[in-house]
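Quick notes on the structure that follows.
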Amino acid sequence: MHDKSIAEMSAALAGREVSSEELTRHFLARIGELDGALNSFITVTPEKALEQARTADERRARGEAGPLTGIPMAHKDIFCTRGVRTSCGSRMLDNFVSPYDATVVERMSAAGMVMLGKLNMDEFAMGSSNETSYYGPVHNPWQQDHVPGGSSGGSAAAVAARLVPAATATDTGGSIRQPAALCGVTGLKPTYGRVSRYGMIAFASSLDQAGPMTRSAADAAWLLGAMAGFDERDSTCLEHPLEDYPALLDRPLQGLRIGLPREHFGEGLDAETAAAVHQALAVFEAAGATVKEISLAHSMLSVPAYYVVAPAECSSNLSRFDGVRFGYRCEEPVNLEDLYKRSRGEGFGAEVKRRILVGTYALSAGYYDAYYLKAQKVRRLIKDEFGRAFDEVDVIMGPTTPGPAFRIGEKTSDPVAMYLSDIYTIAANLAGLPALSVPAGLVNGLPVGLQMVGNYFDEGRLLGIAHRFQQETDWHRRTPPGFA
Amino acid sequence: MEWEPVIGLEIHAQLKTRSKIFSGTSTAFGAAPNTQASAVDLGLPGVLPVLNAEAVRMATMLGIAIDAEVAGRSVFARKNYFYPDLPKGYQISQYELPIVARGHLDITLGDGTTKRVGVTRAHLEEDAGKSLHEDFHGMTGIDLNRAGTPLLEIVSEPDLRSAAEAVAYMKRLHALVRYLGICDGNMQEGSFRCDANVSVRPRGREAFGTRAEIKNLNSFRFIERAINHEIERQIDLIEGGGTMIQETRLYDPERDETRPMRTKEEANDYRYFPDPDLLPVEIDRAFIEEVRATLPELPDAKAARFESAYALAAAEAAVLTGSRELADYYETAVEHSGGQAKLCANWVTGELAAALNRSERNIDDCPVGPRALGGLVARIHDGTISGKIAKQVFEAMWAGEGDADAVIESRGLRQVTDSGAIEGMVDEVIAANPEQVEQFRAGRDKVLGFFVGQVMKASGGKANPKQVNELLRKKLAG
């Protein structure tokens, strides 16, 4: 049952082969049995899940079920969920029970999906390995001494291990695509503004975007359709019409123009990962697509630009965690300054503090122009460069990451090495473009991902291309040993 | 040495929108603490601001009224600092690109001349909450009802040269925002408050001296006193060989002094940057013209109309148009007085103003409404009562005894115009005072006043004075 696609589960529910309650119990049992080794969940909510499942079954009995009604899923713990702890992977919010639902959560519930719990993540989504979580690292289901990637490591690991059929995730610099690649699942970061950020705890507001993490592009199409769309509570959410993503999956690859940025195949890319990506590209060529080398020279500045913009915004976004109204407060503060210093000093982990410090510095009087403003200019150059590329090609492809998952602890002492694991993914965030990662091979038993970047609002096209690829390959059906 | 003060004001006007600037929460004043604070106002994790279009419209109104440029594109920025009543750890304000820039306001000086004061900019921002230090036993209470209330910060050029000019400017702006209906102007509740930048320089020198900023002045009286005090302090300091340091000072009305709050070195680095949660505000010509069409008549235009339409003196028209409420009151009174514009003006600026002053009331909670006052004036004009009796009637109306007609009726104050009755009283008075009759006839005209007084007294003030005069002259002439 847990290996079925969303469409298959939906059909099984519709055909009364299984009830939502049975499905929910099945996945809850798997979580109970298998997640001890992975640590992909921060909070499991069995009672709430079963209640939602029974409600879904009642809806179905009344003939009011939609295609997603009764299908279990889980949210990254960055989304506010009413009445359930929303920790954002931080000690700071370990005691925070949100009084409201994020728009994404609201829409998933409205579609009738059943929430199994909240998924582990890097603290405040800052990290590429899920090692910065206050709740401990997540283990890669393929090799458990390896990282699952981050920051949506819990989402990727849980989907890969078939503990959930689908999960929500967020991507600020690659936090959906990089863990999707390292865990062998499909992850889509939509166009900036496609999905509401309301209720999604902000890391870097101009870059953050929510998206689905699933086993296939077809499943992602179902999720995206339910979560995307205009929301008046988010001023940066766009009023662009939605497409019927699941209905548009079957598009021919004939004549598709694929661009390969030469900079994404140069120094730093693991040879076997490169080989896997080239094999994947051969699949497209065989189906009638053309492949062309392009240059994204400016996008190679995306890591330094990102590590100014994202920390700058985070330094301001995280100011609200001050121990005054909610979240962690230090014991016995002697005065206001002590309250601030110790609540924040004790409540935040090292990586979060590092970024707050960097961002505070970048915004300081006398440095703003040299750092923040300069980074925003680089961002514009990157955006324009993509614009020119899309005059020539329909989609840009390459490796999602420079290599497969690394060992837990391997890069924790070298932040820059860690930051470089997002070198191919960050540019899409800086430009606001949609991008996804699909499983494209295994290197020494670890998955690698193929990244596709599309033009604005091309989510449907990207999902279609990925779906065609998944019709020709079975990487996305491979299951980590021990999780079949 | 002769010193010249240089003053610029930063005025925070709370906009009268129904909901907050970035959330749908009510802005009503006086609710129980934290009952008007939504998830957005509390700065809960994940919440986002959505700009209130009404606040933009109100800022545009002010921009048009002060003949300023309303920016085609303005940007919200975050001003970052920590304070317990600042929920997000930053205030959403405008920094490099404000919504309104380069306007001006004309003020009338004590000598009757007009002075043009530059308005550098006006920008939209959110208010913070309040920290309550009493009643919490050494702790601080936080009330976030006010957090997110829209403010328009209006910054003047350093064009003001005395405390009196500063007050005149502030009063002018106060009247203007109330005319526009964008701010209730309630200074006690903090809806209209002011920070003053004050420096002094030797008269004739162009360069500005080092300034001090005086915070949180919330009455016209305090502003004048605080600025005057600060000017004196600065002159004394410099003349005593001291050096001004740039600092922020707080005015203490109880001690009538300013004292230092923080120096420039201690000032926060606010790390302004454009708020990524909000899009730039774009305003096109069509919107500006649409707003312009809805602007009410502004003080200068109204005063000019009063002068010509009601044949009032300039000074009278200025007083009557001092606030929109007063002007509206006056016009309603005129309408209900049968068009007695001049008499109404006398009453509104005279008896009514004095009564309001005595009872410390505003025109909008005046117990005698404009229709009632107009009715009273009509009774004076048609001769039902004399001006003197009218004051008595007005007092009764003020005390709640009803409108003019009701008071005249119930108190029996109708003027006696029956010439027979008046003649009887005149005869009696003449008969009772032969000595004065002699004096009058000997040429002492002033004695007539005595007779008038006696007759009026006999009539209980109700005799028509004109008739009394005429009859007395006729009879005394014998």
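The values are calculated or read from the model by the stated rules, or taken from the named source; none is laboratory data. Just so you know, these numbers come straight off a predicted model, no measurement behind them. Heads up, the Cβs are rebuilt from the backbone with ideal geometry, glycines too, and the neighbour counts pull from every protein chain shown. Heavy atoms of the whole protein, side chains included, go into the accessibility calculation; ligands, DNA and RNA do not. Shrake-Rupley method; radii C 1.70, N 1.55, O 1.52, S 1.80 Å.
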### Number of positions in the range B:431-467 that are in contact (Cβ under 8 Å) with a residue 24 or more places away in the chain and over 27 Å from B:Ile385 (Cβ atoms)
3
### Query
What tally of residues in the range A:466-484 results from selecting those that are open to solvent by 10 Å² or more (accessible area, probe 1.4 Å) and not in a loop (DSSP other than H, G, I, E, B)?
7
### Query
Which residues, counting only those in the range B:333-349, are open to solvent by 40 Å² or more (accessible area, probe 1.4 Å), out of contact with any Gly (no Cβ under 6 Å at 6 or more places or on another chain), in contact (Cβ under 8 Å) with a residue 12 or more places away in the chain and of a type outside the set (D, E, K, R)?
B:Gly338, B:Gln340, B:Leu343, B:Thr349
### Task
Go over the candidates B:Glu230, B:Glu247, B:Glu206, B:Glu224 one by one and state the one that is more than 14 Å from chain A (Cβ to nearest Cβ) and within 30 Å of A:Tyr372 (Cα to Cα).
B:Glu247
### Filter result for A:Gly229 (open to solvent by 30 Å² or more (accessible area, probe 1.4 Å), modelled with pLDDT of 95 or more and under 21 Å from the mean Cα position of the chain (by Cα))
no
### Task
Give the range B:102-156 a look and list any residue that's of a type in the set (Ser, Thr, Tyr) and within 14 Å of chain A (Cβ to nearest Cβ), or say none.
B:Ser131, B:Thr140
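Let's see how each residue does on (1) under 29 Å from the mean Cα position of the chain (by Cα); (2) among the small types (Gly, Ala, Ser):
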site: B:Trp3; (1), (2): no, no
site: B:His12; (1), (2): yes, no
site: B:Gly30; (1), (2): yes, yes
site: B:Val40; (1), (2): no, no
site: B:Asn52; (1), (2): yes, no
site: B:Ala55; (1), (2): yes, yes
site: B:Ala101; (1), (2): yes, yes
### Task
Hey, can you tell me all the residues within the range A:82-119 that are within 14 Å of another protein chain (Cβ to nearest Cβ), open to solvent by less than 10 Å² (accessible area, probe 1.4 Å) and within 21 Å of A:Trp222 (Cα to Cα)?
A:Ala102, A:Thr103, A:Val104, A:Val105, A:Lys118
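Residue-by-condition table, conditions (1) in contact (Cβ under 8 Å) with a residue 24 or more places away in the chain; (2) within 14 Å of chain B (Cβ to nearest Cβ); (3) farther than 20 Å from A:Gln451 by Cβ:
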| residue | (1), (2), (3) |
| --- | --- |
| A:Asp219 | yes, no, no |
| A:Arg233 | yes, yes, yes |
| A:Glu239 | no, yes, yes |
| A:Gln254 | yes, no, yes |
### Query
Is at least one residue of the range A:295-307 at pLDDT 95 or above, open to solvent by less than 20 Å² (accessible area, probe 1.4 Å) and in a loop (DSSP other than H, G, I, E, B)?
yes
### Message
Quick check on the range B:57-64. Is at least one of its residues farther than 21 Å from B:Ser131 by Cβ, open to solvent by 30 Å² or more (accessible area, probe 1.4 Å), more than 9 Å from chain A (Cβ to nearest Cβ) and touching a His at 6+ places or on another chain (Cβ under 8 Å)?
### Response
no
### Query
For residues in the range B:358-385 being open to solvent by less than 60 Å² (accessible area, probe 1.4 Å), touching a Leu at 6+ places or on another chain (Cβ under 9 Å) and in a loop (DSSP other than H, G, I, E, B), which is nearest to B:Ser459 (Cα to Cα)?
B:Ile385
#### Entry: Only one of B:Ala175, B:Ala207, B:Ala164 that is small (Gly, Ala, Ser) and crowded, with 18+ Cβ neighbours inside 10 Å
B:Ala175
### Task
Would you mind telling me which numbered condition in (1) farther than 30 Å from B:Glu224 by Cβ; (2) within 14 Å of chain A (Cβ to nearest Cβ); (3) surrounded by fewer than 14 Cβ atoms within 10 Å (Cβ to Cβ) B:Glu266 fails?
(1)
### Message
buried (at least 24 other Cβ atoms within 10 Å of the Cβ) and of a type in the set (D, E, K, R): which single residue out of A:Asp145, A:Asp171 fits that description?
### Response
A:Asp171
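Quick grid of which residues meet (1) within 30 Å of B:Ala477 (Cβ to Cβ); (2) at pLDDT 90 or above:
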| site | (1), (2) |
| --- | --- |
| B:Gly375 | no, yes |
| B:Asp405 | no, no |
| B:Val416 | yes, no |
| B:Val429 | yes, no |
## Note on the structure
B:Met139 meets each of (1) closer than 21 Å to B:Gly63 by Cβ; (2) in a loop (DSSP other than H, G, I, E, B) with one exception, condition (1)
### Task
Determine whether A:Arg354 is away from chain B (no Cβ under 12 Å) and basic (Lys, Arg).
yes
### Query
Any idea which of A:Val147, A:Val138 is among the hydrophobic types (A, V, I, L, M, F, W, C), under 17 Å from the mean Cα position of the chain (by Cα) and under 18 Å from A:Thr425 (Cβ atoms)?
A:Val147
## Note on the structure
Reported set for the range A:360-390 where residues are free of Cβ contacts under 8 Å to residues at least 12 places away in the same chain, open to solvent by 80 Å² or more (accessible area, probe 1.4 Å) and within 14 Å of A:Val453 (Cα to Cα) is A:Arg388
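Which of the residues spanning the range B:27-50 are in contact with a strand residue (DSSP E or B) (Cβ under 7 Å, 6 or more places away or on another chain) and within 11 Å of another protein chain (Cβ to nearest Cβ)?
Initially, the range B:27-50 is screened for residues in contact with a strand residue (DSSP E or B) (Cβ under 7 Å, 6 or more places away or on another chain), giving B:27, B:33-34, B:36, B:46, B:49.
B:Asn34, B:Gly46, B:Pro49 - these are the residues of the range B:27-50 that are in contact with a strand residue (DSSP E or B) (Cβ under 7 Å, 6 or more places away or on another chain) and within 11 Å of another protein chain (Cβ to nearest Cβ).
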## Note on the structure
Residues of the range A:33-59 being closer than 19 Å to A:Leu119 by Cα, open to solvent by 20 Å² or more (accessible area, probe 1.4 Å) and not hydrophobic (A, V, I, L, M, F, W, C), in sequence order, are A:Glu33, A:Gly36, A:Asn39, A:Thr43, A:Pro46, A:Glu47, A:Lys48, A:Gln52
### Query
Quick one: A:Phe265 ticks every box in (1) among the aromatic types (Phe, Trp, Tyr); (2) open to solvent by 10 Å² or more (accessible area, probe 1.4 Å); (3) within 21 Å of the chain's Cα centre (by Cα) bar one, so which box is it?
(3)
